[in-house]
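Participant: Structure provided below as C-alpha cells; questions to follow.
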Amino acid sequence: MIVDADVELQISSVAYGGVGIAKNLGKIVMIPDVLPGEVILGRIIAESKAYSRAVVKAVLQPSPHRIEGDCIIHSGLSMASGSSVPARVPGCVYQCFSYPEELRVKNLQLSDFLKDICELSADPRPSPCHLNYRNKITLHVQDDMGMV
C-alpha cells in the first residue's frame, strides 16, 4: 500500500486499546475510532512490513452501535494538530461505542487474552456509571480448591 492513499476498508474486529482491524490486499490495517462491521474510507498514514496504519476519512456504513463520544479532547483534536498521527486520549478510545457494545468487545478481548490460561465463568460486571468510573482494575484469581 502507498502512504497517503485512500482505501475502502471493512472493519473485522477491534483489538485491545480500541484499534480497529481490517485487511487490504491481504495486509493488516489498523485504524482507530472504528467499530466492528463498519465500512470506512481510510487514509494510509504509515507502513511497516507487518501492517499499515490508517485514519478515518469517512464512515461509509456506520455500525448501529456507533455513538457520538463525550470526550471533547479526543474527538476535537484527532487531526487538529496537523500531525499525520491522530491524538489519542487513552481513556477515550472506546468513546464511539455504545456502552453495551464496548462491554461486549472488551469481554471478547479479555476472553482472548485468557484463552490459554483459563475460561471466564461469568461476564465482567458493568459499571452503573459508564463514564468517569475507574482508572485501573485489580483481578482476583483462585484455583479449583478456592485458594488465592
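The values are calculated or read from the model by the stated rules, or taken from the named source; none is laboratory data. The shown structure was predicted, so the numbers you read here are calculated from the model rather than taken from an experiment. With ideal geometry, Cβ positions are generated from the backbone for all residues, glycine too; neighbour counts draw on all protein chains shown. For accessibility, only protein heavy atoms count, side chains too; no ligands or nucleic acids. Shrake-Rupley method; radii C 1.70, N 1.55, O 1.52, S 1.80 Å.
Participant: Give the residues of segment 66-111 that are among the β-branched types (Val, Ile, Thr), modelled with pLDDT of 70 or more and assigned to a helix (DSSP H, G or I), sorted by residue number.
Facilitator: Within segment 66-111, just Val105 meets the criteria.
Participant: Quick check: is even one residue across segment 48-59 part of a loop (DSSP other than H, G, I, E, B), closer than 14 Å to Cys96 by Cα and β-branched (Val, Ile, Thr)?
Facilitator: Checked against the condition, which is being part of a loop (DSSP other than H, G, I, E, B), closer than 14 Å to Cys96 by Cα and β-branched (Val, Ile, Thr), segment 48-59 yields no hits at all.
Participant: Let me ask something else about it. Applying the selection to segment 40-70, what residues are touching a Leu at 6+ places or on another chain (Cβ under 9 Å) and more than 21 Å from Leu108 (Cα to Cα)?
Facilitator: Correct list: Ile40, Leu41, Gly42, Ala54, Val56, Lys57, Ala58, Val59, Leu60, Asp70.
Participant: Here's another thing I want to ask about it. Give the residues of segment 1-40 that are under 14 Å from Ser63 (Cα atoms), in a strand (DSSP E or B) and open to solvent by 30 Å² or more (accessible area, probe 1.4 Å), sorted by residue number.
Facilitator: Across segment 1-40, the qualifying residues are Gln10, Ser13.
Participant: Taking into account only those residues within segment 41-65 that are among the polar types (S, T, N, Q) and surrounded by fewer than 18 Cβ atoms within 10 Å (Cβ to Cβ), which is modelled with the highest pLDDT?
Facilitator: Among them, the one singled out is Gln61.
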